[in-house]
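**Q** Can you keep this structure in mind? I'll have questions shortly.
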Amino acid sequence: MIEDKARELGRLIGQSNEYQTVRRTSDALNDDKETVALLQKMEQLRANAQRMLQRGERPTEDMERELDTLLGQIQSRTSYQRLLVAQENFDKTMGRVNDWILEGIEKGATSSIITLG
C-alpha cells in the first residue's frame, strides 16, 4: 500500500506545474547551444582546478579569473536564469510536500486507529 501511494504521489508531482516548468526550462537550456558550451567549458575548467587541488597544487589566477568570467556569462543567460527560478519553485514545492509527509507520519504515529487499506 505504501508503495502504491508513493507511486501515486510521484505521478502527481510529475504532473505538477512546478515540475513541468522545470522540464520545459531544462529542455530550453539544453537547446541553447551557447549556454551549454559555456557550461561545458566551465565544468572542464572546474574539474581541472579540482584535480590540481587534489595534487596539492593551487589553481592559477588565470583559471580563477576565467571561472569567474564564465560564471558571470552563464548567470546572465536568460535560459539559465529561467531554469534557476523554476528549480527554486520546484524545490519549495517539494519542501512543502516533505512537510506534509512529516505531518502525516506524526499523525499516523499517534493514531490509535490502524488503517491499511
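FYI, it's all coordinate maths here, none of it is from the lab. No experiment lies behind these values; they were computed from the predicted model shown. Reconstructed Cβ throughout: ideal geometry from the backbone, glycine too, with neighbour counts over all protein chains shown.
**Q** Ranked highest first by the average count of other Cβ atoms within 10 Å around their residues, in what order do 4-14, 59-69 fall? Walk me through the intermediate numbers first.
**A** On the way: 4-14: 10.5, 59-69: 12.5.
Going from most to least packed, we get 59-69, 4-14.
**Q** Same structure again: Rounded to the nearest Å, what's the spacing between the alpha carbon centres of the range 57-117 and the range 1-49? Just the number, please.
**A** 11
**Q** Ok, one more. With an 8 Å cut-off on Cα pairs and a minimum separation of 6 or more residues, tell me the relative contact order of the chain in percent.
**A** Relative CO of the chain lands at 35 percent.
**Q** Near Gln40, within a Cβ-to-Cβ distance under 13 Å, what is the net charge of the other residues, with Lys and Arg +1 and Asp and Glu -1?
**A** Around Gln40, the surrounding residues sum to 0.
**Q** Going Cα to Cα from Lys41, which lysines come in below 20 Å? Please leave out same-chain ones fewer than 8 positions away.
**A** Hits, sequence-local ones excluded: Lys33.
**Q** Rounded to the nearest 500 deg cm²/dmol, what is the calculated helix-only ellipticity per residue at 222 nm for the chain, with -39500 (n - 2.57) per DSSP H run of length n ≥ 4?
**A** Calculated mean residue ellipticity at 222 nm is -29000 deg cm²/dmol.
**Q** What number does the range 33-98 give for Rg over Rh if you use C-alpha atoms and the Kirkwood radius?
**A** 1.13
**Q** Would you please put 38-47, 18-27 in order of how densely packed they are, using the mean number of other Cβ atoms within 10 angstrom per residue and starting with the highest?
**A** 18-27, 38-47
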